[in-house]
There are 2 protein chains.
Amino acid sequence: MSEQSARPVRRATIEDVARLAKVSKATVSRVFSRAAVVTEETRRTVLEAAVAAGYRPNGLAQALRRRSSRSIVVLVPDLANPFYPAIVHGIERRARALGYTILMGNTDADPEVEAAYLDLVRDGRADGMLLLTGRLPPGVAADDPDRPPIVLISEHLPGPQLPTVRIDNAAAAADMVRHLAALGHRRIGHVTGPPSRVLSRDRLAGYRRALAEAGLAFDPDLVAEGDFTFASGVAAGRLLLSLPDPPSAVFAANDESAVGVLRAARLQGLVVPGQLSIAGFDDIQLAEMSDPPITTVHQPRAELGAEAIGLLIRQLEAAEPAATEILLPTRLVLRDSTARPAEKPG
Amino acid sequence: MSEQSARPVRRATIEDVARLAKVSKATVSRVFSRAAVVTEETRRTVLEAAVAAGYRPNGLAQALRRRSSRSIVVLVPDLANPFYPAIVHGIERRARALGYTILMGNTDADPEVEAAYLDLVRDGRADGMLLLTGRLPPGVAADDPDRPPIVLISEHLPGPQLPTVRIDNAAAAADMVRHLAALGHRRIGHVTGPPSRVLSRDRLAGYRRALAEAGLAFDPDLVAEGDFTFASGVAAGRLLLSLPDPPSAVFAANDESAVGVLRAARLQGLVVPGQLSIAGFDDIQLAEMSDPPITTVHQPRAELGAEAIGLLIRQLEAAEPAATEILLPTRLVLRDSTARPAEKPG
DNA sequence: TTGTAGGCGTTATCAT
DNA sequence: ATGATAACGCCTACAA
């Protein structure tokens, strides 16, 4: 029985199955493209033949013929940034549920890399893009009717509306600052994100809005520029804490820089939250593992991803018109890094 | 000039270019498949025609015809675990340099998900797999001659040798314990990883080996089981620190659980490193951001990824025989969480 | 319900 | 060096 060991090198094709089942290629194809009209009996015959032949439809041939690869490119600036993986995870789960495959790209914010991934959709290997990069790849214009289907996540772009799934950053920031004010803080500092990003500007705007609402004057000295990194948080914290009249609370534009502020406070011998309250934004795991754990704004990151790919796929399949903007709700997570301010001595 | 605005809906194909350049499809193809013999003159003509037509080769058709997609599936158990992104990044950079595309999958250690990604290579959409999951997808046997090309990263499998790129975990663990012993510690605790993983067993073995070398007795009470999580580190730390004769140093099998031990020490009012030295493994960013920063074993993660995909691609292209095991060097990173033990009072 | 046949866009073989 | 042509494996009118 040498046949047993003589495995076919070539993978079985639709033709092999057709021959085995004594039907036409078309029928086999119909059995595998769900929802086609086939007798229950032939369906069974075909399925058996397929199993016997070890047949699996060739995804490339299907995609070529159907003119759709059912793949989506997801562009992330930096996967090592703990903010992103949860979003990607949400994307991936929903994608799989909908029968799509994800091609994930870590761009390092490098336009060349972005362009390389754009090629995948230009050359048919992907049907659309999900962008976490906060900008369009080079050569793509939002209002170009021939541009690839795109949905933005987390960061929206100024100018022509592109479908976007995000949170209301200004409102969420205002919530947090309102909370600090309610605790009794009168001097509330802010460590910003990189000013180039809409995100950072929105959060700063929310900070200012809540200050105004609380009847607190805006003091530019209390705003220190950061760039979302731990190191920038340390630097900004140092700056704020060395002020003649330092803040009793600091709201950082993300958790990583909040932990940086915490470090700066420690370096000056300050007790948190006893002498300084610190709040962050995003609710990444670091906020929880920090000592003390950081009060922060929770973003529903997996849901952001899931909604975004859902939107993109609907757009792709139903030719749904360029939809809008989806805003997902946030919530405050109160932990041990914030408390009422210390009473002024004297 | 209505032609200007009347963009073709259909993307240009090789035939359009051929017509424009007044050559055959074959010649156009040759121009785009590098290293083919074409006159410099016709090459220029074709290239010009291609630009004029806005032509890009269709990746699907190429892959179908060439029987190679130049794509690799990368399976990661949990992208949110900060250990993995750096490896993935190394993979991705090298892949792009070599002209390959990555299909990344987050499996959640779910066999169904692993199987779904395996289908991509079975159906031609990928040429091979890079596994960070520490195991083969269901239905794949290491010694099956028809199994897809696979390279393992970080975790090696017992049994039939599969190509693997990793570090020498036992040796690296031994290095760290040797360091602690050299500082003067006599009672060194260990928080393990999940015992099911070879990784954990290797690190434990290294711990024991270094102990023996230093002439220190192995005390089972000083070994607490963990699972690489922060919470398990806290629990294990509590356990070890509540011993009648507690350790003066703890070596945790990864950084996250080391930070857990740190938390446990703090909860008991211990000063680190004054009263307890703590060491971790992996050198993720958390180790640096922790307060105090954690002494740890550095793994060259990006290099692990780059080596692995290089190995896989060589295997794919040169039909290189099932290669071996590549071990990459580690190094100790000494930070503030370790110091000489406190002198015994009295 | 099932079969026939043509084509998706490319590359490889064989001529010329 | 270039051209004609037949696959690659599948899907989808259209016909039966």
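Every number here is computed from the coordinates shown, using simple stated rules; none is lab data. Please read these numbers as outputs of a predicted model, since none were measured by experiment. All Cβ positions, even for glycine, are placed from backbone atoms using ideal geometry, and neighbour counts span all protein chains on display.
Across peptide A:78-86, the average count of Cβ atoms from other chains found within 10 Å of a residue's Cβ is 5. Of all chain B C-beta atoms, the nearest to the rotation axis linking B with A is recorded, alongside its rounded Å distance, as B:Met104, 2. With a cut-off of 11 Å between beta carbons, the residues surrounding A:Val140 carry a summed charge of -1, where Lys and Arg count +1 and Asp and Glu -1. Restricted to Cα atoms, segment A:234-346 shows a radius of gyration and a Dmax of 18.9, 69 angstrom.
Hydrodynamic estimate: the Kirkwood radius of chain A over Cα pairs, inserted into Stokes-Einstein at 37 °C and 0.692 mPa s, corresponds to D of 142 µm²/s. Partners of A:Lys22 within straight-line reach, counting aspartates and glutamates whose Cα lies under 15 Å from its Cα and excluding those fewer than 8 residues away in the same chain: A:Glu41, A:Glu48. Karplus-derived 3J(HN,Hα) values for segment B:171-186, using 6.51 cos²θ - 1.76 cosθ + 1.60 with θ = phi - 60°, are 5, 5, 4, 4, 4, 5, 5, 4, 4, 5, 5, 5, 6, x, 6, 10 Hz; glycine and proline are entered as x. Gap in Å between the Cα centre of segment B:274-345 and the Cα centre of segment A:171-239? Computed from Cα coordinates, the inter-centre distance equals 37 Å. Distances between placed amide hydrogens fall under 5 Å for B:Thr295 paired with B:Gly280, B:Arg335, B:Asp336, B:Ser337, B:Thr338, all partners being 5 or more residues away or on another chain.
In nanometres and ascending order, the distances from the B:Glu15 label point to those of the other copies are 2.2 (point 7 Å from Cα along Cα→Cβ).
Remark: spin-label model distance A:Leu316-B:Thr39 equals 4.4 nm, labels positioned 7 Å along the Cα→Cβ axis. For chain A, the longest principal axis of the Cα atoms and the long axis of helix A:40-53 meet at an angle of about 80 degrees. Rounded, prolate or oblate, given the Cα gyration tensor of segment B:169-298, with a/c below 1.5 counting as rounded? Rounded is the answer for segment B:169-298, as its axis ratio a/c remains below 1.5. Both the radius of gyration and Dmax for segment B:20-176 are 20.6, 69 Å, in that order, over alpha-carbon atoms. Taking a point 7 Å out from the Cα of A:Thr229 in the direction of its Cβ, the residues of segment B:269-293 whose backbone N falls within less than 18 Å of it are B:284-290. Segment A:Arg266..A:Ala116, full-extension length gain: 49.5 nm, with 0.36 nm per residue of separation and the alpha-carbon distance subtracted.
Taking the inverse of the mean 1/r over every pair of distinct Cα atoms in the protein assembly as shown gives a Kirkwood hydrodynamic radius of 28.3 Å.
Across segment B:294-303, coupling constants 3J(HN,Hα) worked out from phi with the 6.51/-1.76/1.60 Karplus curve, θ = phi - 60°, read 9, 5, 7, 9, 7, 9, x, 5, 4, 5 Hz, and Gly and Pro carry x.
What value, in deg cm²/dmol to 500, does the helix sum -39500 (n - 2.57) over DSSP H runs of n ≥ 4 give at 222 nm once divided by the residues of chain A?
Using -39500 (n - 2.57) per qualifying helix, the result is -13000 deg cm²/dmol.
In this simple spin-label model, placing a label point 7 Å from the Cα along the Cα-to-Cβ direction at both A:Leu334 and A:Asp108 gives a separation of 4.5 nm.
Partner chain Cβ atoms within 10 Å, averaged over the residues of A:54-61 - can you pull that number for me?
6
Per residue, the convex hull spanned by the Cα atoms of segment B:45-138 amounts to 119 cubic angstrom. Sorting B:152-165, B:276-289 by their mean Cβ neighbour count within 10 Å, with the most densely packed peptide first, gives B:276-289, B:152-165.
Applying the Karplus relation 6.51 cos²θ - 1.76 cosθ + 1.60 with θ = phi - 60° to segment A:191-203 yields 3J(HN,Hα) values of 9, 7, x, x, x, 5, 9, 3, 2, 5, 5, 5, 5 Hz, where x marks Gly and Pro.
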